[in-house]
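Student: The structure under discussion is supplied below as structure tokens; questions concerning it will follow.
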Amino acid sequence: MPSSTAFQWLSLVGIIWLQSINGTNTNFPAYSSQLKQLLSMSQFQLNNLAFASDAGKLFGFFSGMAAFHLPLWLVLMIGSTLGLIGYGVQYLLITNQISSLSYWHVFLLTVLAGNSICWINTVCYVITIRNFSSDHRQVAVGLTTSYQGLSAKIFTSIVDAVSGQNKAKTFLFLNSFLPLIVSLIAAPVVREIEAVTRPKHMSVGFVVMFVITIATGIYAVMSSLQFVSNKISPLSNLVGVLVFLLFPLLVPLSMKINALVGSWHKNREKQRVYHFTSEESHDDEGRIENEVKEGEDSREVNQEVGIGIREEVGVKLMLRRIDFWLYFFVYLFGATLGLVFLNNLGQIAESRGYSRTSSLVSLSSSFGFFGRLMPSIGDYFYR
């Protein structure tokens with residue numbers, strides 16, 4: 001097994017980390033009420049800000065075009081920088097470090113912040129598709145995308161551990177800098193890897209990833225329930241979340257150890273060759289060389305079978321595909337309605353007399369994480 005296989009899985013871990021902090025728009029209901037008071041907005045204007053964050057994704061095609069012409073690490077940095085500007089200027093506004101901006105300035109900044117999510121998403125999708133064969137590409141994309149549903153849980157856990165009453169300021173500060181920091185950390189490992197992984201090792205790797213992901217979801221849900229969260233400190237809750245985010249590193253680490261053990265066994269076999277006579281050595285070398293060539297040929301065949309045929313779909317062809325329109329209308333009438341509810345979750349909770357909005361946002365985020373994960377698990381084991 002090539003040593004580059006460990007880097008292949010390490011790139012997947014980097015993508016998981018990026019997706020975990022990329023759902024910055026999902027924590028909006030946790031601080032929307034405070035933002036409404038700080039900026040003296042009406043409920044209608046606040047609803048428009050929630051729409052603006054999603055409307056920024058309408059310009060997501062710019063990140064797709066950039067991925068064709070720019071290095072992916074640069075696309076990643078552009079996305080995190082757009083988020084830094086969009087949320088950072090809002091943070092400076094509510095902390096009175098810049099002069100007051102009009103509502104439409106805040107609206108456009110929110111659009112820009114929402115668009116930054118698309119740039120990071122594009123890098124994650126492209127790297128995942130290129131690094132995994134057609135048999136596992138779909139599952140890898142679904143697995144990593146599910147972690148974006150966990151973003152609100154991660155952000156609220158950090159805010160509860162470090163912030164007091166000014167949660168709106170802390171959320172905007174984290175939305176500004178956390179994606180940039182994680183992008184800088186993940187950029188060296190989130191890159192295209194040419195690795196040929198045996199189907200057995202690939203299956204074991206994904207099974208371990210699913211076990212880790214399910215355990216992460218269970219912890220996220222349980223720690224968001226009020227009768228559990230009252231018994232543990234916010235700092236302990238945050239440490240638990242961070243530990244579960246580090247668990248996926250076990251997969252590339254085990255792959256690397258497996259490769260080192262295999263290399264050690266090969267070195268021992270080479271040392272035994274010197275104990276034979278020159279003639280026997282030549283015979284053995286010829287046999288080993290033939291086996292190596294056969295092994296390389298078989299790996300090339302397996303790699304070609306695993307990669308399959310890549311079809312480039314243009315805009316005109318995409319618009320003629322029924323799959324595109326099915327996805328479009330399902331997302332329009334399904335996921336969009338869910339976003340409307342989640343964006344107003346804070347206002348709904350307060351209208352019902354519930355004060356712990358952040359706990360409710362964490363709980364909805366944790367179940368959203370499971371909802372994104374279940375189709376990937378079903379698809380993987382069904383196939």
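The values are calculated or read from the model by the stated rules, or taken from the named source; none is laboratory data. Everything numeric here is computed off the predicted structure, so don't read it as measured data. All Cβ positions, even for glycine, are placed from backbone atoms using ideal geometry, and neighbour counts span all protein chains on display. What goes into the accessible areas is simple: the full protein's heavy atoms, side chains included, and nothing from ligands, DNA or RNA. Shrake-Rupley method; radii C 1.70, N 1.55, O 1.52, S 1.80 Å.
Student: Which one is surrounded by the fewest Cβ atoms within 10 Å (Cβ to Cβ), of the residues in the range 119-175 that are more than 27 Å from Ile218 (Cα to Cα) and of a type in the set (Lys, Arg)?
Tutor: Arg130
Student: Looking only at helices (runs of 4 or more DSSP H) that fall completely inside the range 144-243, which ones have 3 or more residues that are more than 30 Å from Tyr380 (Cα to Cα)? Lay out the reasoning, then the answer.
Tutor: Details: elements: 151-162, 167-186, 199-224, 226-229.
By residue number, 151-162, 167-186, 226-229.
Student: For the structure I just gave you, tell me whether Leu317 is more than 23 Å from the chain's Cα centre (by Cα), open to solvent by less than 70 Å² (accessible area, probe 1.4 Å) and either within 27 Å of Gly240 (Cβ to Cβ) or at pLDDT 75 or above (or both).
Tutor: Spelling it out, Leu317 is indeed more than 23 Å from the chain's Cα centre (by Cα), open to solvent by less than 70 Å² (accessible area, probe 1.4 Å) and either within 27 Å of Gly240 (Cβ to Cβ) or at pLDDT 75 or above (or both).
Student: Report whether or not Ser151 is closer than 17 Å to Gln19 by Cβ and under 18 Å from the mean Cα position of the chain (by Cα).
Tutor: Taking the combined requirement at face value, the residue satisfies it.
Student: Can I ask one more? Going residue by residue through the range 130-139, is there one that turns out to be not aliphatic (A, V, I, L, M) and not in a helix (DSSP H, G or I)?
Tutor: Yes - at least one qualifying residue is present in the range 130-139.
Student: Can we say Gly86 is within 17 Å of the chain's Cα centre (by Cα) and either more than 24 Å from Val241 (Cα to Cα) or buried (at least 23 other Cβ atoms within 10 Å of the Cβ) (or both)?
Tutor: No; evaluated as a whole, the condition is false for this residue.
Student: Evaluate the range 152-159: report whether one residue or more is over 30 Å from Ser33 (Cβ atoms), in contact with a Lys or Arg (Cβ under 8 Å, 6 or more places away or on another chain) and among the hydrophobic types (A, V, I, L, M, F, W, C). First the steps, then the outcome.
Tutor: Residues of the range 152-159 that are over 30 Å from Ser33 (Cβ atoms), as a first pass: none.
The answer is no, given that none of the residues of the range 152-159 is over 30 Å from Ser33 (Cβ atoms), in contact with a Lys or Arg (Cβ under 8 Å, 6 or more places away or on another chain) and among the hydrophobic types (A, V, I, L, M, F, W, C).
Student: Quick one: which residue in Gly217, Gly240 is open to solvent by less than 20 Å² (accessible area, probe 1.4 Å) and free of Cβ contacts under 8 Å to residues at least 60 places away in the same chain?
Tutor: On the way: Gly217 fails: free of Cβ contacts under 8 Å to residues at least 60 places away in the same chain.
Checking each option against the conditions leaves just Gly240.
Student: Kindly provide the set of residues from the range 163-181 that are β-branched (Val, Ile, Thr) and modelled with pLDDT of 95 or more, ordered by number.
Tutor: Of all residues in the range 163-181, those β-branched (Val, Ile, Thr) come to 170, 181.
Ile181, the sole residue that qualifies.
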